[in-house]
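Down below is the structure, laid out as structure tokens.
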Amino acid sequence: MNKNYDKNNIFAKILRSEVPFHKVLENDYALAFSDINPQSPIHILIIPKKAYLNFHYFIENGSTKEIEFFWKLVNDVIKLYKISMNGFRIISNSGDDGNQDVPHFHVHLLGGKNLGKMIN
Ligand code: 5GP
């Protein structure tokens, strides 16, 4: 489980409060914070508090409660920014083909403008 998880990846450091970040929301199992290099007016990252390499490892190994509370937090951020009507995009990059840069499972929640077609 969690093959190759790097305990010193930047999101692990954020979870340990070793580096500054702008917290948006949290619950017992997940944390939402602003992306340092936003690609749209709203660009929030949501991560589980426990160590999971990517979506696959999270779903394979996370508890039902962790998975439930993770997605609830994503929805709470959608509510906080009032983007349910205008719309948004949720992306999770994984591994080499997905061009994942930070090896701790996260979803990007993007919104605040028309985001264009997904893949050019
Ligand atoms: P990935 O390519 O792994 O899906 O996305 C990683 C995201 O993390 C990028 O959008 C990048 O801007 C963001 N990021 C990288 N380092 C930091 C950091 O130190 N703080 C915050 N808030 N975001 C970061």
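All of the numbers you see were taken from the coordinates with simple rules; none came from a lab. The model shown is predicted, which means the values in this text are computed figures rather than measured ones. Quick reminder, even Gly has a Cβ in these numbers, built from the backbone with ideal geometry, and neighbours come from all protein chains shown.
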Note: the chain at 20 °C, 1.002 mPa s; Kirkwood Rh on alpha carbon pairs; Stokes-Einstein D in µm²/s works out to 146 µm²/s
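So for segment 72-120, averaging the separation of alpha carbon pairs under 8 Å that are six or more residues apart and normalising by length, what relative contact order in percent results?
Details: 33 pairs, mean separation 18.6, N = 49.
Relative contact order, segment 72-120: 38 percent.
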Computed over segment 1-108: relative contact order in percent, which uses C-alpha pairs under 8 Å that are six or more apart: 32 percent
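Could you size up the charge dipole of the chain around its Cα centre, putting +1 on the beta carbon of Lys and Arg and -1 on that of Asp and Glu, and report it in debye to the nearest 20? Walk me through the intermediate numbers first.
Numbers: 14 positive and 12 negative charges, 64 e Å.
Dipole size: approximately 300 debye.
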Over 29 Å between C-alpha atoms is what I'm after, so list which of Lys49/Lys117; Lys49/Lys79; Lys65/Lys113; Lys49/Lys82; Lys50/Lys79 land there. Lys49/Lys117; Lys65/Lys113
Against the longest principal axis of the chain, how steep is helix 64-80, in degrees 0 to 90 to the nearest 10, with axes from Cα atoms? 30 degrees
What whole-number distance in Å separates the alpha-carbon centres of segment 52-84 and segment 21-37? 12 Å
Could I have the simple spin-label model distance between Leu115 and Ser34, label points 7 Å from Cα toward Cβ, reported in nm to one decimal? 1.9 nm
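Report the GluC sites (Glu not before Pro) located in segment 11-63 that are in a DSSP loop and have at most 16 other Cβ atoms inside 10 Å of their Cβ, or state none. All intermediate terms of the calculation are to be shown ahead of the outcome.
Working: sites: Glu18, Glu26, Glu60; in loops: Glu18.
Those that pass, being in a loop and sparsely packed, are Glu18.
In segment 5-75, what trypsin sites (Lys or Arg not before Pro) fall in a loop by DSSP, with at most 12 other Cβ atoms inside 10 Å? Intermediate values should be presented prior to the final figure.
Working: sites: Lys7, Lys13, Arg16, Lys23, Lys49, Lys50, Lys65, Lys72; in loops: Lys7, Arg16, Lys49, Lys50.
Listed in order of number, the matching sites are Lys7, Arg16.
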